[in-house]
Amino acid sequence: MPPMRRRTPTNPVDQYIASLAPEKQELAKEVRRIVAASVAHLQETVRWDCACYFFHGPVCYFAPSRGGIHFGFFRGRELSDPKRRLMSRNSLYLHIKVRSLQDIDEKYFGDLVRQAVLLNRA
């Protein structure tokens, strides 16, 4: 009997990020790092052609946009957004446009992720 090949497990989000343009990969990796550092128990996967995070339902996502990436929230309308950075083109899900590393506010993004998780706990 021939030896069985071992399948190397791959994280679908790693593959998703690798498929992005290099300048978008850098932004996606930084947003991913912030999400992971904000809440340890989120499930990470690729769904709806986005990198998505779940905890008792969908929490947040990031996806490529024309000029960078969108960092969005499924229940964004329910979040406190004192800096008024959340926006929506189609009024479905609110997102923040991230075009450069300077657009990333680690504390603010982390606060939004934690708020979104608490909404799903209720």
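The values are calculated or read from the model by the stated rules, or taken from the named source; none is laboratory data. All values reported here derive from a predicted model rather than from experimental measurement. All Cβ positions, even for glycine, are placed from backbone atoms using ideal geometry, and neighbour counts span all protein chains on display.
The table below gives the values:
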read-out	value
Search result, residues across region 16-59 that are in contact with a His (Cβ under 8 Å, 6 or more places away or on another chain) and of a type in the set (Val, Ile, Thr)	none
All positions within region 88-122 that are at pLDDT 95 or above and in contact with a His (Cβ under 8 Å, 6 or more places away or on another chain)	HIS95, ILE96, LYS97, VAL98
Matching option when the condition is touching a helix residue (DSSP H, G or I) at 6+ places or on another chain (Cβ under 7 Å) and basic (Lys, Arg), among LYS107, LYS83, LYS24	LYS83
Sole exception among (1) surrounded by 13 or more Cβ atoms within 10 Å (Cβ to Cβ); (2) over 14 Å from the mean Cα position of the chain (by Cα); (3) closer than 15 Å to CYS50 by Cα for ASP81, by number	(3)
Those residues of region 27-66 which are surrounded by fewer than 19 Cβ atoms within 10 Å (Cβ to Cβ), in a helix (DSSP H, G or I) and either among the small types (Gly, Ala, Ser) or without any contact (Cβ under 8 Å) to a residue 12 or more places away in the chain (or both), in sequence order	ARG33, ALA36, ALA37
Any hit, region 67-74, residues being part of a strand (DSSP E or B), touching a Gly at 6+ places or on another chain (Cβ under 6 Å) and of a type in the set (Phe, Trp, Tyr)	no
Residue satisfying condition, being out of contact with any Lys or Arg (no Cβ under 9 Å at 6 or more places or on another chain) and either at pLDDT 95 or above or not in a loop (DSSP other than H, G, I, E, B) (or both), within set ARG77, ARG85	ARG77
